[in-house]
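Nothing in this text is a laboratory measurement; each read-out follows from the coordinates by a stated rule. All of these numbers come straight from a predicted model, not from anything done at the bench. Note: ideal-geometry Cβ built from the backbone for every residue, glycine included; neighbour counts use all protein chains shown.
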Amino acid sequence: MAALRAGRLAVLPTETVYGLGAAAFNPGAVAQVYAVKGRPADHPLIVHLADAGAMDGWVRDVPAYARRLAEHCWPGSLTLVLPRGDRAGLHVTGGQETLAVRVPDHPLALEVLRRFAEGVAAPSANRFGRVSPTAPQHVLDDIGDRLVPGSDVVLDGGPCQVGVESTIVDCTSDSPRLLRPGAVSERRIEAVAGLPLARTASPVRAPGTLPAHYAPRARVVLIEASVASAMAEEAGPPVTPGPPQTGLLALSEVATPDGVVRLSAPRTTDEYAQALYAALREADALHLRVVLAVLPPDAGMGAAVRDRLSRSAAASRSAR
Ligand code: TXA
Ligand code: MG
């Protein structure tokens, strides 16, 4: 992993979204990550490791329930926030006394992490404030012109299988607390941890979970499936000539009204998550003004999709 060793950047595929990686111990390399993303310096990064055994040194005071989560859920879409160890400089934690760590479940990422044998700090490989990239082309569209050809590398691992960012769990207290929903469900966390999730506010600050991070330029409006069906059954409002201005994001069982662009027709909540960010990017590429989104049921990946879409809609509302 010459790029990482040389203090350069490596865009890594993971099963959730693409990450913009740098050697976590190298403040200069990590500074490049912030510069390329345009990310505020107090937003901490996740350090990606090859396996649970590599945690020691990066984090400390790991409670038994957090060890169980690491051992059972890694490689996987779960990030654990723990007190930072000696190896984790403040340049990677955004000045906080905690560090987020994760072992991603992607063969290419794991190969890089094993060969590099050091932690790789990697936020999602998008410009600050844009939706996360789930394909190499999204990365190139967002930050391609900010990478140094011949020095920085973009590894193509195909489209991301999960499609939304990892579940983040604060493990700095006696019980785990959910900071961001993802593919690893609340039920699974409680079952593996052997403890209920604490429902009180976390003492840990998780900047970067702001609504605006999940919003396209188009305005996202949440609607009930019945509204979409009614729109589809009626002949629909007269379609204005010219390019369509409205898109629809919903499970395939919801019909597409006249004059509305179908952005994605996922059959399951898993497919919904996989397609979500590409669909929001497509809405902007088509210069749509509005995206109508029908939330999937709150099962499986549904919780994470509902979380991201609700934030998208909230950001759309507050931007006006
Ligand atoms: O799936 C993922 O988690 C992807 C892939 C690349 O691994 N990464 C990702 O990174 O989504 P990023 O930087 O876009 O989002 C990381 C989130 C941010 O909301 C950040 O505030 C939170 O993790 N975070 C990181 N370190 C933290 C810490 N020490 N305490 C609390 N939150 C932290
Ligand atoms: Mg991000």
Amide H contacts under 5 Å for residue 19, restricted to residues at least 5 apart in sequence or on another chain and with H modeled in the peptide plane, are 12, 14, 125
Using all Cα-Cα distances in the stretch 1-46, what percent lands in each 5 angstrom bin from 0 up to the longest? 5, 23, 32, 25, 14, 2
Ignoring everything except DSSP H segments at least 4 long, calculate the 222 nm mean residue ellipticity for the chain; use -39,500 (n - 2.57) per segment, divide by total residues, nearest 500. -9000 deg cm²/dmol
Once phi is turned into ³J(HN,Hα) by the Karplus curve 6.51 cos²θ - 1.76 cosθ + 1.60 with θ = phi - 60°, what whole-Hz value does each residue of the stretch 133-144 show in order, with x for glycine and proline? x, 10, 8, x, 4, 4, 5, 5, 4, 7, 10, x
Please work out the FRET efficiency for the pair residue 2 and residue 225, using the Cβ-Cβ distance as r and a Förster radius of 51 Å; give the result to the nearest 0.05. 0.50
If you plug each phi of the stretch 260-266 into the Karplus form 6.51 cos²θ - 1.76 cosθ + 1.60 with θ = phi - 60°, what whole-Hz ³J(HN,Hα) values come out, in order, with x for Gly and Pro? 10, 7, 6, 7, 6, 10, x
Return the long-range amide H neighbours of residue 59 (sequence gap of 5 or more, or a different chain), with a cut-off of under 5 Å between placed amide H atoms. 85
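Quick one: order 143, 46 by neighbouring beta-carbon count within 10 Å, fewest to most. The partial results should precede the final answer.
On the way: 143 22, 46 26.
Listed from fewest to most nearby Cβ atoms, that is 143, 46.
Going by C-beta contacts inside 10 Å, put 98, 167 in order with the fewest on the left.
Values: 98 21, 167 27.
Lowest count first: 98, 167.
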Can you give me the long-range amide H partners of residue 154? Hydrogens built in the peptide plane at 1.01 Å from N, cutoff under 5 Å, separation of 5 or more residues or another chain. 11
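For a footprinting-style exposure proxy, rank 118, 186, 97 by other Cβ within 10 Å, fewest first. Provide the component values of the computation, followed by the final result.
Numbers: 118 19, 186 15, 97 11.
Going from sparsest to densest Cβ surroundings: 97, 186, 118.
Mind running the shape call on the stretch 6-112? Use the C-alpha gyration tensor, a ≥ b ≥ c as the square roots of the eigenvalues: rounded below 1.5 for a/c, prolate if a/b tops b/c, oblate otherwise.
Values: a/c = 1.90, a/b = 1.22, b/c = 1.56.
Here the stretch 6-112 falls in the oblate category.
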Across 84, 115, 262, the residue with the highest GNM fluctuation in the chain (Cα network, 10 Å cutoff) is 115
